[in-house]
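A short worksheet on the structure shown next.
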Amino acid sequence: MNADFNVGFIHEQSFGEQMFNRASLNEFHGEKVGDLIDRALERFDNSIVGLDSAIANNNKLLKMLGDDPMMPEYEAALRKHLVELNVNELPRIGRDSRKVETLRDILLVLQSEFIALREMTQKTTAATRALQPQIDQGLFVVTVLEGNTPFNQAKVSLGFGRGDVEAFMSYACHATILAVQDSWPLGFQFLLDPKKERAATVAPPAPTTPPDPIIKVGGCSIGGSNILASWLLITGLVGGLWVKPKIARRAQRSQGRES
């Protein structure tokens, strides 16, 4: 979803804006700019395709999430970071004004924001195409500079809206990342282990206990639950074999000094 939005939408609209800027500058030098405007509109149309892909992938995430709550540790961490980053104080352009507290809330608000951006982009392209007679006459800049035209209204609103959605998405996604860091690996188990339909179960066979492993210590066989005790015993014996001679040598040296 992030790639669809940042590459498919933001990147395409950025190129479109460059074409609009070049058109304005070129027309000042007496050039016809219809081709540049067409290229700008093509980029804006492409951005809608990218946005549609982001909307579709966002829907997939919502379906994957379902109505089940996340792990309590993750939800608590996410609420904390959403507050710390003031995500609910950020401006929105969509119709969903809910307070964002969960991952589902974030996805639902993003869906609303994406749909609003789609509508604003369509208004901008429609207002641009309505200027075709002026563009053909070399009056694109003059018309734009006249003031409060439908093109200006749509273009300015889209620019601010794009920035608002970018900010919300950036801060909300950052909150989810921080929450994952706080609670990993608990937070995203639904992605690591997706739900599966339960298959018919068959009674398992009677459990069988493997024979206890056998080890030998000094010719004695020891097995099963005695292995840990045996290991400690062996360690103690080895330690004793190393420590006792050392103590004996120290005693001998001490006696030699006394004599």
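Quick notes on this one:
- Members of region 52-85 found to be within 26 Å of A3 (Cβ to Cβ) and assigned to a loop (DSSP other than H, G, I, E, B), listed by number: G66, M70, L85
- Residue check, V49 at pLDDT 95 or above and buried (at least 20 other Cβ atoms within 10 Å of the Cβ): no
- If the condition is being within 30 Å of S157 (Cα to Cα) and of a type in the set (A, V, I, L, M), then region 60-106 contributes L61, L62, L82, V83, L85, V87, L90, I93, V100, L103, I106.
- Summed over region 123-157, residues that are under 18 Å from F44 (Cα atoms) and among the polar types (S, T, N, Q) total 7.
- Those residues of region 77-108 which are in contact (Cβ under 8 Å) with a residue 60 or more places away in the chain, surrounded by fewer than 19 Cβ atoms within 10 Å (Cβ to Cβ) and hydrophobic (A, V, I, L, M, F, W, C), in sequence order: L85, L90
- If you go through region 25-37 and keep only what is assigned to a helix (DSSP H, G or I) and surrounded by fewer than 16 Cβ atoms within 10 Å (Cβ to Cβ), you end up with L25, F28, G34, D35.
- Those residues of region 11-24 which are in contact with a Lys or Arg (Cβ under 7 Å, 6 or more places away or on another chain) and either surrounded by fewer than 19 Cβ atoms within 10 Å (Cβ to Cβ) or free of Cβ contacts under 8 Å to residues at least 24 places away in the same chain (or both), in sequence order: F15
- In this structure, R22 does not satisfy being within 17 Å of D164 (Cα to Cα) and over 23 Å from the mean Cα position of the chain (by Cα).
- Filtered residue count, region 121-142, keeping only those that are surrounded by fewer than 18 Cβ atoms within 10 Å (Cβ to Cβ) and on the phi < 0 side of the Ramachandran plot: 15
The values are calculated or read from the model by the stated rules, or taken from the named source; none is laboratory data. Computed from a predicted structure; not experimentally measured. Here Cβ is always computed from backbone atoms with ideal geometry, including for glycine, and neighbour counts include all displayed protein chains.
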